[in-house]
Amino acid sequence: MRTTLTLDEDVAARLEELQRRLGISFKDAVNQTLRRGLEREQAKRRDVPPFVVTPRRMGLQRGLNYANVGELLEQVEGAAHS
């Protein structure tokens, strides 16, 4: 795939240094670096366990109307709840 990419100067310099050090083309340096970064990101997502919420019953407070959210907020937080 051919595309135009604008690189920050520090990134371009690091890629050029990698290119010289490994004796590869600039294109190969960009592709190798992107592959490593993408693989690292994918590995991070696999290493993070899923967040699990354990529900528990909290019960209802007497005197509050749970059928109307607006009225409930007004009862709990006062008239200036917005």
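What follows draws every value from the coordinates through simple rules; no lab data is involved. This is a predicted model, so every value here is computed, not measured. Note that each Cβ is placed from the backbone with ideal geometry, even for glycine, and that neighbours are counted across all protein chains shown.
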- request: Please state which one of 43, 29, 12, 79 is among the small types (Gly, Ala, Ser) and touching a helix residue (DSSP H, G or I) at 6+ places or on another chain (Cβ under 7 Å).
  value: 29
task: Collect the residues in segment 53-82 that are of a type in the set (A, V, I, L, M, F, W, C) and outside any helix (DSSP H, G or I), keeping them in residue-number order.
output: 53, 58, 60, 64, 67, 79, 80
- request: Kindly check whether there is at least one residue in segment 42-54 that is exposed (fewer than 10 other Cβ atoms within 10 Å of the Cβ) and either in contact (Cβ under 8 Å) with a residue 60 or more places away in the chain or among the acidic types (Asp, Glu) (or both).
  value: yes
